[in-house]
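Working notes for the structure below.
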Amino acid sequence: MTTIIDGKQLSQQIRAEVAEAVKAITTAGQKQPGLAVIIVGDNKASRVYVNSKKKACEEAGIYSREITLDGETTQAGLLEEIRQLNQDPQIHGILLQLPLPSHLDESEALQTIDPHKDVDGFHPINVGYLHLGVDTFVPCTPLGVMEMLKRYNIPLEGKTALVVGRSNIVGKPMAALLTKANATVTVAHSRTRDLPALIGNADILVAGLGKPEFVKGEWVKPGSVVIDVGINSVDDASAPRGYRLVGDVEYEPAAQRAAFITPVPGGVGPMTIAMLLANTLKAKQKFA
Ligand code: GUN
């Protein structure tokens, strides 16, 4: 029997827990946690993400402020906005929505965010702490994956884990977290040879390469745990909006073999926002 990991339900539970903690803070007369989201230009997908982040904050009782900068903003202008937020006592978390327009230096901008307000966990100091095993802000998507594994009581110690994809946002931090949890971790990527063999040996598979249904169901190890981080839109004339969302894993045949699997949508996706709220609460509690 395959267990479908319900990220939607789990994320609602976490959001309710954050809301409760926020209520306790404000009832005690303390300041509300606050998150600032900076969005530069008019990337359509970014706009959708930022709107859902704002809505989630409101529901959890977290103050949210959106800073919209036009697509022509200079690097100096962006850094000045970040520095102001670093100094702002109402703001505990700062999120710079990526990607930035190509004329801006993403790395420099991320390094300008106060590491104590870096709720995305993208600052090199926090990346370093994560790899040293020091408690820090962890990027929201891999943190959400770990929370799913924990709440479904999935043991990791001594297991073989395969992370497919080596991005800074998902693959690299995911590998660090699984290693810390005593799994034996392999990182695969687009140049990896014989991926099916590696997948066939993985007790835990985390797919985050961003290619629709790239991982074939027949590659999956029977009885394994399949975590699909991909969210890909594919054209489908028969779907209500002319497209449907699929993961990086061919879901139906993989679900036949796996013991646990995350669906797309409704798996890892909703966990990311829930962990952003949790990180904002942590920023307030730890550093305010
Ligand atoms: N763009 C896509 N995913 C993310 C994320 O997790 N954080 C930020 N800041 N930008 C993103």
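Scanning the stretch 26-45 for residues that are among the small types (Gly, Ala, Ser) and at pLDDT 95 or above, which turns out surrounded by the most Cβ atoms within 10 Å (Cβ to Cβ)? Among those residues, the one meeting the criterion is ALA36.
Taking the stated definitions as given, is ASN232 polar (S, T, N, Q), at pLDDT 95 or above and touching a strand residue (DSSP E or B) at 6+ places or on another chain (Cβ under 7 Å)? Yes; evaluated as a whole, the condition is true for this residue. Checked against (1) open to solvent by 50 Å² or more (accessible area, probe 1.4 Å); (2) among the hydrophobic types (A, V, I, L, M, F, W, C); (3) touching a residue at least 40 places away in the same chain (Cβ under 8 Å), VAL48 passes all but a single condition, namely (3).
Among the numbered criteria (1) open to solvent by 40 Å² or more (accessible area, probe 1.4 Å); (2) in contact (Cβ under 8 Å) with a residue 12 or more places away in the chain, which single criterion is violated by LEU96? The one condition LEU96 does not meet is (1). On the stretch given as the stretch 111-130, residues that are among the aliphatic types (A, V, I, L, M), within 15 Å of the ligand (Cβ to nearest atom) and over 13 Å from LEU85 (Cβ atoms) total 2. Within the stretch 55-62, is even one residue open to solvent by less than 10 Å² (accessible area, probe 1.4 Å), closer than 17 Å to LEU277 by Cβ and in contact with a His (Cβ under 8 Å, 6 or more places away or on another chain)? No, every residue in the stretch 55-62 fails to be open to solvent by less than 10 Å² (accessible area, probe 1.4 Å), closer than 17 Å to LEU277 by Cβ and in contact with a His (Cβ under 8 Å, 6 or more places away or on another chain).
Only one of the numbered conditions (1) more than 10 Å from the ligand (Cβ to nearest atom); (2) among the small types (Gly, Ala, Ser); (3) touching a helix residue (DSSP H, G or I) at 6+ places or on another chain (Cβ under 9 Å); (4) under 25 Å from GLY71 (Cα atoms) is violated by GLY133, and that is (4). Selection of helices (runs of 4 or more DSSP H) fully inside the stretch 1-111 by the criterion of at least 2 residues being under 19 Å from GLY144 (Cα atoms) returns 7-27, 44-60.
Where residues in the stretch 75-93 are open to solvent by 80 Å² or more (accessible area, probe 1.4 Å) and without any contact (Cβ under 8 Å) to a residue 40 or more places away in the chain, which of them is farthest from the ligand (Cβ to nearest atom)? For the stretch 75-93, the residue satisfying everything is GLN87.
For every residue, the table says whether it meets (1) among the acidic types (Asp, Glu); (2) open to solvent by 10 Å² or more (accessible area, probe 1.4 Å).
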residue	(1), (2)
LEU178	no, no
HIS189	no, yes
ASP194	yes, yes
ALA197	no, yes
ASN201	no, yes
LEU209	no, yes
LYS221	no, yes
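Of the residues making up the stretch 188-208, those that are more than 19 Å from PRO253 (Cα to Cα), touching a residue at least 12 places away in the same chain (Cβ under 8 Å) and not hydroxyl-bearing (Ser, Thr, Tyr) are ALA188, HIS189.
Of the residues making up the stretch 143-170, just one is within 16 Å of the ligand (Cβ to nearest atom), of a type in the set (Gly, Ala, Ser) and open to solvent by 20 Å² or more (accessible area, probe 1.4 Å), namely SER167.
Quick grid of which residues meet (1) at positive phi; (2) open to solvent by 10 Å² or more (accessible area, probe 1.4 Å); (3) within 18 Å of the chain's Cα centre (by Cα):
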| residue | (1), (2), (3) |
| --- | --- |
| GLN111 | no, yes, no |
| ASP114 | no, yes, no |
| ASP118 | no, no, yes |
| PHE122 | no, yes, yes |
| VAL127 | no, yes, yes |
| LEU132 | no, yes, no |
| ASP135 | no, yes, yes |
| THR141 | no, yes, yes |
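Taking the criterion of being more than 21 Å from GLY171 (Cα to Cα) and among the β-branched types (Val, Ile, Thr), the only residue of the stretch 227-258 that qualifies is VAL234.
The values are calculated or read from the model by the stated rules, or taken from the named source; none is laboratory data. Everything numeric here is computed off the predicted structure, so don't read it as measured data. For neighbour counting, all protein chains shown are included, and Cβ atoms are generated from backbone atoms with ideal geometry for every residue, glycine included. Heads up: the accessible areas ignore ligands, DNA and RNA and are worked out on the full protein's heavy atoms, side chains in. Shrake-Rupley method; radii C 1.70, N 1.55, O 1.52, S 1.80 Å.
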